[in-house]
Amino acid sequence: MSNTSKVHDDVLSRAVRSGGERGTAIVEVDHIAKTYGSGAKMHEAVRDVAFDARPGEFLCVVGPSGCGKTTLLRCLSGLMPPTSGEVRLHGRAITSPPPQMGLVFQEYNRSLFPWMSVRRNVEQPLRKRLGKADRRTAVDEALAAVGLTGHEEKYPWQLSGGMQQRVAIARAIAYRPEILLMDEPFASVDAQTRIELEDLVLEVCATYGITILFVTHDIDEAVYLADRIVVLSPPPCVVKEIVTIDLPRPRDQIATKALAEYSELRKHVFEQIVGRH
Ligand SMILES: Nc1ncnc2c1ncn2[C@@H]1O[C@H](COP(=O)(O)OP(=O)(O)OP(=O)(O)O)[C@@H](O)[C@H]1O
Ligand SMILES: [Mg+2]
């Protein structure tokens with residue numbers, strides 16, 4: 001057996017083995033399905049998805065375009081009820097967006113209020129939660145964490161796409177969520193910014209101990225970021241496999257991607273998605 005295939009076998013047997021282990025779950029996705037519409041207009045988007053997320057875990061969900069990832073995330077966040085099955089947070093069914101949950105979507109230009117300054121955008125969800133002084137501290141801290149100190153009084157349209165997405169991330173972390181749901185958050189930024197934002201999210205996740213559910217169709221991104229990857233099938237989606245990514249942390253864009261294990265895991269996930277073995 002060549003060295004590469006030995007690495008392949010070791011990495012993959014460990015990955016698939018531990019993907020099935022059970023730990024204390026913070027979020028349990030219990031066999032959810034979602035069908036839109038009814039009668040002739042019925043469309044089955046999610047067939048059967050089950051997995052759990054453990055506290056502090058970085059869980060990526062990958063699948064081909066149109067397989068039902070956004071639908072799944074909407075069900076997970078309580079924005080939309082599944083047709084069947086249940087999502088539980090700390091053992092309790094989610095029926096509306098829970099206060100412990102933050103959301104970041106792909107369309108940063110639609111998620112920020114253009115008429116509000118950066119400070120007010122980040123502050124907005126905290127208004128009912130914190131007094132003025134505490135809000136100011138929380139906003140300053142979150143903007144510092146995403147490298148936007150000094151841009152507080154600017155408006156979203158005065159910022160680059162990457163900076164706007166940083167504001168969206170700052171807004172999510174200022175809220176101190178236990179869980180952060182992200183739907184292809186870096187899909188519309190350039191490659192360089194994407195790399196910076198990936199590392200920013202890893203840092204934020206580690207610093208604040210946030211559990212992250214991160215949807216992407218980018219296999220490289222998923223392997224780089226995740227503790228585990230939930231691989232979805234073509235639509236209507238089911239879980240094909242849950243792969244453990246036990247690459248060392250902290251991750252590094254160059255060193256991590258140079259590891260033989262990284263390439264093997266990437267290849268494995270790719271094969272799962274395109275259906276080639
Ligand atoms: N509100 C809706 N009503 C009816 N069908 C919908 C609705 N939202 C999504 N769909 C359909 O459900 C399927 C899954 O869509 P979804 O957006 O969840 O996929 P996705 O994996 O997020 O896609 P992408 O990779 O393009 O982001 C698609 O066929 C889509 O057209
Ligand atoms: Mg989507």
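Would you check if there is a residue in segment 15-30 being within 16 Å of ligand 1 (Cβ to nearest atom), modelled with pLDDT of 95 or more and not hydrophobic (A, V, I, L, M, F, W, C)? Looking through segment 15-30, none of the residues is within 16 Å of ligand 1 (Cβ to nearest atom), modelled with pLDDT of 95 or more and not hydrophobic (A, V, I, L, M, F, W, C). The criterion of at least 2 residues that are farther than 25 Å from PRO64 by Cα is met by the following helices (runs of 4 or more DSSP H) wholly inside segment 87-196: 118-123, 132-145, 161-174.
Which residue pairs have Cβ atoms closer than 6 Å, lie 6 or more positions apart in sequence or on different chains, and pair a first residue in segment 57-84 that is under 13 Å from VAL238 (Cα atoms) and assigned by TED's automatic domain parsing to the domain that holds SER233 with a second residue that is outside any helix (DSSP H, G or I) and within 9 Å of ligand 2 (Cβ to nearest atom)? Hits for this filter: VAL61/VAL215; LYS69/VAL215. In segment 28-39, the residues that are assigned by TED's automatic domain parsing to the domain that holds ASP52 form Cβ pairs under 8 Å with partners that are aliphatic (A, V, I, L, M) and assigned to a loop (DSSP other than H, G, I, E, B), at six or more places apart or across chains, as follows: LYS34/MET80; THR35/MET42; TYR36/MET42.
Any idea which residue in segment 44-57 is farthest from PHE270 (Cα to Cα), counting only those that are out of contact with any Lys or Arg (no Cβ under 8 Å at 6 or more places or on another chain) and crowded, with 22+ Cβ neighbours inside 10 Å? Per the criteria, the residue is ALA53. Scanning segment 216-256 for residues that are free of Cβ contacts under 8 Å to residues at least 40 places away in the same chain and either in a strand (DSSP E or B) or outside the structural domain of ALA187 (by TED's automatic domain parsing) (or both) yields one hit, LYS240. The set of residues from segment 64-80 being part of a loop (DSSP other than H, G, I, E, B) and either crowded, with 22+ Cβ neighbours inside 10 Å or away from ligand 1 (no atom under 13 Å from the Cβ) (or both) comprises CYS67, GLY68, GLY78. Before we move on, is LEU213 touching a Leu at 6+ places or on another chain (Cβ under 9 Å) and either in contact (Cβ under 8 Å) with a residue 40 or more places away in the chain or crowded, with 21+ Cβ neighbours inside 10 Å (or both)? It is true that LEU213 is touching a Leu at 6+ places or on another chain (Cβ under 9 Å) and either in contact (Cβ under 8 Å) with a residue 40 or more places away in the chain or crowded, with 21+ Cβ neighbours inside 10 Å (or both). All told, ALA25 falls short of being assigned to a strand (DSSP E or B) and among the aliphatic types (A, V, I, L, M). Taking segment 99-123 as the range and being out of contact with any Asp or Glu (no Cβ under 8 Å at 6 or more places or on another chain) and surrounded by fewer than 17 Cβ atoms within 10 Å (Cβ to Cβ) as the test, the residues that pass are PRO99, GLU107, ASN109, ARG110, PHE113, PRO114, TRP115, MET116, ARG120.
The values are calculated or read from the model by the stated rules, or taken from the named source; none is laboratory data. Keep in mind that what you see is a predicted model, and the values were worked out from it rather than measured. Here the Cβ is made from the backbone with ideal geometry for all residues, glycine too, and neighbour counts use every protein chain on show.
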